[in-house]
1. If you go through the stretch 384-403 one residue at a time, how many are of a type outside the set (K, R) and crowded, with 22+ Cβ neighbours inside 10 Å?
2. In this structure, is S342 more than 35 Å from the chain's Cα centre (by Cα) and either closer than 30 Å to N411 by Cβ or of a type in the set (G, A, S) (or both)?
3. I need a count of the residues in the stretch 469-487 that are out of contact with any Phe, Trp or Tyr (no Cβ under 8 Å at 6 or more places or on another chain) and crowded, with 23+ Cβ neighbours inside 10 Å.
4. Which residues, counting only those in the stretch 533-586, are in contact with a Phe, Trp or Tyr (Cβ under 9 Å, 6 or more places away or on another chain), surrounded by fewer than 20 Cβ atoms within 10 Å (Cβ to Cβ) and among the polar types (S, T, N, Q)?
5. Please find, among A636, A594, A627, A615, the residue that is small (G, A, S), surrounded by fewer than 18 Cβ atoms within 10 Å (Cβ to Cβ) and within 16 Å of G686 (Cα to Cα).
6. In the stretch 655-674, is there at least one residue being more than 29 Å from the chain's Cα centre (by Cα) and of a type in the set (D, E, K, R)?
7. Quickly run through the stretch 459-478 and pick out the residues that are farther than 16 Å from L51 by Cα and either of a type in the set (A, V, I, L, M) or without any contact (Cβ under 8 Å) to a residue 40 or more places away in the chain (or both).
8. Among what's in the stretch 478-523 and is aliphatic (A, V, I, L, M) and either assigned by TED's automatic domain parsing to the domain that holds A681 or not in a helix (DSSP H, G or I) (or both), pick the residue that is modelled with the lowest pLDDT.
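The values are calculated or read from the model by the stated rules, or taken from the named source; none is laboratory data. If you're wondering where the values come from, they're calculated on a predicted model, not measured in any experiment. Cβ placement follows ideal geometry from the backbone for every residue including glycine, while neighbour counts extend to all protein chains displayed.
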Amino acid sequence: MRFFHRYAAIVVITAAVLNMTGCAFWRDLKGEKQPATRIVPASLFQDNMVLQRDMPLTVWGWCEPDHAVTVTLRGEEYTAVANHNGRWTARLKPQPAGGPVIMTISGVQTIALKNVMIGEVWLCAGQSNMQFPLRSCSDGAAAIKQAVNSGIRLFQVKRISTPAPQLQCGGTWRECSPETAAGFSGVGYYFGRELFHDLHVAVGLIEVSWGGTAIEAWLPWSLQAADPEYAVNLEPWKRLVTASQRTPLEETYRRALARWQKLDKSHPGPQYHVDAGNRGYGRGWALTMDDLSGWRDIKLPTVMENYFGDIDGAVWFRREVMIPPEWARQSLRLELGPIDDSDETYFNGKAVGETGITASLADTRTIPRVYRIPGQCVNAGRNLLAVRVFDRRGAGGFTGRPDQLKIARFNQPQPAIGLAGFWQARVETALDPFSLDHHAKPQPPPGPGDRNWPSGIRNGMIAPLIPYSLRGVIWYQGEANTGNPKLYRRQLPDLVRDWRQAWGEDFYFLVVQLPNYGRQWPAPQESSWAELRAAQAALSTILPRTGYVVTIDLGEADNIHPAAKKPVGQRLARLALDLVYGKKLVARSPEFAAMTVRNGKAVIRFNHVGSGLTAKGSPTLHHFAVAGKDGYFYWARAEIIDKDTIEVWSGKVPHPVTVRYAWAFNPAGGNLYQAEGLPAAPFQAGLPAPVKP
């Protein structure tokens, strides 16, 4: 209940601030040396701003209640009177594109807003890939040099998460220049640049971004609390805000400190865990397995704490190694770099080396592992490499450089196959850590102010912008919600409905579908990323004036923040020019439309094929999978048989029921495109369920 008392108090105090005539908010604004009344425009009304053309405009701000304010634009005056909250709102008629002009806001004083342009305004919202700055993009350096354009204006909302809606936000409208563009959203900049060059009107871009944020932070608390399926996600935050509850970090620190204090009294030296024995080998973890539940992708070299938290103990690492035919049955030299602390290494289930714990901890954790793999263990094609690492104290795992992980023929160091990158990992034994960083400071519990506080961004960064007139939103978010893509299928439409209702405008909403990321699997797999992509695509079937762009060809396997942001912005602009501005471009990716089965083959028809479907870079299509009634997927062959139609089949599935395309974390290699160059959207499709009599 303490949470509810605290939250209720916040709401009550906020309401009082907003509703009291002559409240402390305005007394603080006036101060002893201020005039009796001040006019305070809303945050976005500044010099250099862009107003949305051809739409009614809302201009608002605050002053003393009952005072009149006049807004003047292009020689026309619009008068508003502040209500009992002190808020005034002026409604301006639609304006044609142009500028620069001056807008004045006058009452007891006059504010002149200079260099104002009228054109197109877009909100650029999302998590880290929207936040990703132009200077970090693959061709950002060249773009920055060319970013001299007073027709593009940029506004970055200051990042803040709050438990209650805010009136104002931090940020400044600035003309586009090399200095201002460098730190702006790369996706947003490229999107705006394309619009400017095609529409020949000013473009205003408002960036609202925060890395690592889930969609819950962008949705209002009231909406989530009223829905039982959403409300479950609020419970951990309610508990964390309780002052008497310690965070996991504080508890870990407290337990570790107590353990060290106790050990220091009875033992002269540092204490280490003892390996209780290899249990993973008996479970078949050194062998190829069909069931990979419990394993997760992990990028090596790294220490286990980066993925599994503050633990000691045993962790297994596995990956497939593709051996060229000419290497088969030859001895290989395996190098893994130093491993902290001990390891047992297997190749195709056979032990090929180990480095045990010696008298000195430093001895084992600094020794580069070099093992010989006997030729009889080596197969052409797929081979399985598995390493069991035991960490007895402190950080543990692969601590060398990426170039130290490799495999080659034993007496021929070149060419070598690099082993750095994505492996699978699973904890065998997790032990409480003996290590204690005496310099670490326990962090306060997450709560209001944390970037992922449910509704925090909606309150702190979106609310102050409402109802500034805009054409639409580009949205690049979803990585933080791949743990529950089913719920995201509801959350994303709810977010669009909420924002449209708050603005009072059915503006356009364009989504960037998640790119390819992570390892590529040798067999078809389930994928939460593929499911979330499907949830993003579903938005356009649920709500009008929405669309999405496909980016499964623009990601990076080992980088969740791909640097190729220019084509993302270009595809968004292309979609906007077609959907919003009526340019009649081929702007949408080929999209599944219908499926039938004929002679044991699935016949798939697509929408948005442009001049026709094509296989890019290969005479054959890749990354299709097919399943029968048992639901087990096999890789399949596919062939284009018409401008908008393909056939998909597998000899292992005589009666196909379900077809998947690019259904993976990283479907790199999927090569179904339209002739105009846009990749086909990933999909999972099946035959309609039979109608019961």
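1. Of the residues in that region, 8 qualify.
2. Yes: the conditions hold for S342.
3. So the count comes out to 1.
4. Answer for the stretch 533-586, where residues must be in contact with a Phe, Trp or Tyr (Cβ under 9 Å, 6 or more places away or on another chain), surrounded by fewer than 20 Cβ atoms within 10 Å (Cβ to Cβ) and among the polar types (S, T, N, Q): S540, N559, Q570.
5. One residue alone meets the criteria, A594.
6. no
7. M461, I462, A463, I474, listed by residue number.
8. In this case the residue turns out to be A523.
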